[in-house]
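Visitor: Below is one structure. I have some questions about it.
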Amino acid sequence: MYHYTETGLQNVWLANGYHVRKTSYGEAVSIEDADGLHRAIGRKLACKNQLTGAEFRFLRKELDLSQHRLADLLGTTEQTVALWERKGKIPKTADRMFRALYLEAIDGNVRLKDMIERVANLDRKVDEKLVFQNTEAGWLPKAA
């Protein structure tokens, strides 16, 4: 079995799907379908009870999100995300939301991520003027 630590996770072992070759620099390992392996690891992590800091970082990197962007999506700061990844004490709400985001993204259905992106972008607007009008259908936002 091969101890697959390249992910930053210390508890991943491969039973097969890898090849070890001797080179002039020592042994080299190649992984068959590394993307598929990472999706399988990510899905397993996203379906567990709660993430460790290293697992949280692995999923973030798999989604190609910076700490800053993930912080925006979760409504926190970049420093907080960095602390979660180092110490592993992720609040349950952030942990659940992030795991849901990951599963939506890898399943090819990013509606949840799109919705959170829209909300995160709305958080950036300050003192936007809201205008409503009373219509036969009831109160509605007035078209600009």
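Visitor: Put a dot 7 Å past each Cα toward the Cβ at Phe132 and Ala100; how far apart are the dots in nm?
Guide: Going from the Ala100 label point to the Phe132 one covers 2.6 nm.
Visitor: Using the Cβ atoms and a cut-off under 14 Å, what net charge is assigned to the surroundings of Gly36, where Lys and Arg are +1 and Asp and Glu are -1?
Guide: With Lys, Arg at +1 and Asp, Glu at -1, the neighbours total -1.
Visitor: Now a separate question. Quick check on packing: order 134-141, 39-46, 80-87 by the mean number of other C-beta atoms within 10 Å, highest mean leading.
Guide: 80-87, 39-46, 134-141
Visitor: Given q = 0.11, 0.15, 0.16, 0.17 Å⁻¹, what are the Debye log10 I(q)/I(0) values for the chain, with equal point scatterers placed on the Cα positions and solvent ignored?
Guide: Treating every Cα as an identical point scatterer, log10 I(q)/I(0) equals -0.56, -0.85, -0.92, -0.98.
Visitor: Also, I was wondering about something else. Can you work out the FRET efficiency for the pair Asp35 and Asn109, with r the C-beta to C-beta distance and R0 = 22 Å, to the nearest 0.05?
Guide: The computed FRET efficiency comes out at 0.75.
Visitor: In addition: What does the highest-first list of 52-60, 13-21, 66-74 look like by mean Cβ count within 10 Å?
Guide: Packing proxy ranking, top to bottom: 52-60, 66-74, 13-21.
Visitor: Taking the Cα of Lys89, stepping 7 Å toward and past its beta carbon, and measuring to each backbone N in segment 36-65: which are under 16 Å?
Guide: Correct set: 51-54.
Visitor: Label points 7 Å out from Cα along the Cβ direction at Tyr2 and Asp64: separation in nm?
Guide: 2.4 nm
Visitor: While we're on this one: Which value in deg cm²/dmol, rounded to the nearest 500, describes the helix-derived mean residue ellipticity at 222 nm for the chain, given -39,500 (n - 2.57) per DSSP H run of n ≥ 4 and division by the residue count?
Guide: Per the formula, -14500 deg cm²/dmol.
Visitor: How high is the relative contact order of the chain, in percent, with contacts defined as C-alpha pairs under 8 Å that are six or more residues apart?
Guide: 15 percent
Laboratory data are not the source of any read-out in this text; all were calculated from the coordinates shown. Just so you know, these numbers come straight off a predicted model, no measurement behind them. A quick note on method: Cβ atoms are made from the backbone with ideal geometry, for glycine too, and the neighbour counts reach across all protein chains shown.
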